Amino acid sequence: MEDFDSDLLEFEVLKINEEQKIDKIIATNEFDILKAGKLRKKIGLEGQSYVSSQAFRDKYVMKKLLQDTVKVPRFSKIDDIYELHDFIDSFGYPFVLKPRDGAGSVGVEILFSENDLIEFIQKNALYNLIAEEYIIGDMYHVDGLYKTGEKLLSQSSKYINGCLAFHNQNYLGSYNLIEKNPLSVKLNSEVSKILDKLPTPLDTIPFHAEFFVTQTGEIIFCEIASRVGGGMIAEEFVHAFNLELDTESINSQLNVEIIRDIERKFLTGFLIIHPNKGKLVSINKNIPFEWVIDSYIKDDIVGKIYNEASSSVDAIAMLLVKGENEQELINRINALYEWFTNEAVVWEIEV
């Protein structure tokens, strides 16, 4: 099947089930989670239910469930201009508009004024959106594995520049916090509250949660997903823990015993380089740093003309670094970015 977004996918699965009973439906892609939940309900299979899938995919449902458990931004569902008008009347500018079921920061807009609002309405339908209070602060993410009331593994990290950096043609970075960092302890505690509250499945799930931390140290929940985070988060766990998050989740769903004895080898961080608006003239793939332990640089990109990045993970290159502490990771990410932009890549920029 060429189009996995088509309703024909579910139709074909139901046909297959009529001919030969399906035992399991496993989905690892965020955009398949809801479909898989509906199919399990229709066929009568165990696994992540549609209710659980919706709680991890629909940001409005998610925040409704969690608003009495953790601190969340003020929010409202937006399906027409009237709901949006009421939100602005109540909370004013600036605020955030984004799809209720989006991913990768696609479609996320910060509106600072009525002019921004008018421009947004001219380009977008006011349907299936969530409006949120704009939070000023740094952004963090927590990733790991969870099963029936227990976090099997959890790693807190801090974003550099934030997930909307691609809007300003800036890079997106991330680095692990040490386990004893007081903020890491607090973030892990918040994640436990969230996962214990949401309708999580009985099987092991990977999770990717994001938080804002304000200048006063207040932790405000952004969102959570029951899948592996983007960027190089999967690779971080492979190199640092010798663990594949998706594999562990799939094994659990297949009743294969999952790994319990998990030890970290080192801290990691990653750098995502977004395309500039222009022609990529040349790129050097020979990275001169031994502490860069993994990389993904697109093939056949020299000579191509790019527009601005369309999402937080729309990249020409992703690079993974290791380090012994947080500051070393920050220094190495900065050094890697300087080398990449000043020596490794040449752009012919559109004026």
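The values are calculated or read from the model by the stated rules, or taken from the named source; none is laboratory data. What you see is a predicted model, and the numbers here were worked out from it, not measured in a lab. Because the Cβ atoms are built from the backbone with ideal geometry, glycine has one as well, and the counts that use them run over all protein chains shown.
Given the criterion outside any strand (DSSP E or B) and surrounded by 17 or more Cβ atoms within 10 Å (Cβ to Cβ), identify the matching residue among SER154, SER105, SER174.
Working: SER154 fails: outside any strand (DSSP E or B); SER174 fails: outside any strand (DSSP E or B).
The unique qualifying residue is SER105.
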> Limited to region 224-265, what total is found for residues that are in contact (Cβ under 8 Å) with a residue 24 or more places away in the chain and in a loop (DSSP other than H, G, I, E, B)?
Replying inline: 14
>> Go through region 1-58 and report how many residues are aliphatic (A, V, I, L, M), surrounded by fewer than 14 Cβ atoms within 10 Å (Cβ to Cβ) and not in a loop (DSSP other than H, G, I, E, B).
In response: 4
> So which residues in region 108-136 are outside any loop (DSSP other than H, G, I, E, B) and of a type in the set (A, V, I, L, M), if there are any at all?
Replying inline: ILE110, LEU111, LEU117, ILE118, ILE121, LEU129, ILE130, ALA131
> If you scan region 197-212, which residues turn out to be touching a helix residue (DSSP H, G or I) at 6+ places or on another chain (Cβ under 7 Å) and of a type in the set (A, V, I, L, M)?
Replying inline: LEU198, ILE205, ALA209
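Confirm whether GLY231 is at pLDDT 95 or above and on the phi > 0 side of the Ramachandran plot. Give the steps one after another, and end with the answer.
Numbers: at pLDDT 95 or above: no; on the phi > 0 side of the Ramachandran plot: yes.
Here the answer is no, as GLY231 does not meet what is asked.
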>> Of all residues being of a type in the set (Phe, Trp, Tyr) and buried (at least 19 other Cβ atoms within 10 Å of the Cβ) in region 61-98, which is nearest to ILE194 (Cα to Cα)? Just the residue, please.
In response: PHE75
>> Could you tell me how many of the residues in region 296-329 are outside any loop (DSSP other than H, G, I, E, B) and within 15 Å of VAL345 (Cα to Cα)?
In response: 7
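Going by the conditions given, is GLU244 at pLDDT 90 or above and either touching a His at 6+ places or on another chain (Cβ under 8 Å) or not assigned by TED's automatic domain parsing to the domain that holds ARG332 (or both)? Walk me through how you get there before you give the answer.
Working: at pLDDT 90 or above: yes; either touching a His at 6+ places or on another chain (Cβ under 8 Å) or not assigned by TED's automatic domain parsing to the domain that holds ARG332 (or both): no.
Against the criterion (at pLDDT 90 or above and either touching a His at 6+ places or on another chain (Cβ under 8 Å) or not assigned by TED's automatic domain parsing to the domain that holds ARG332 (or both)), GLU244 does not qualify.
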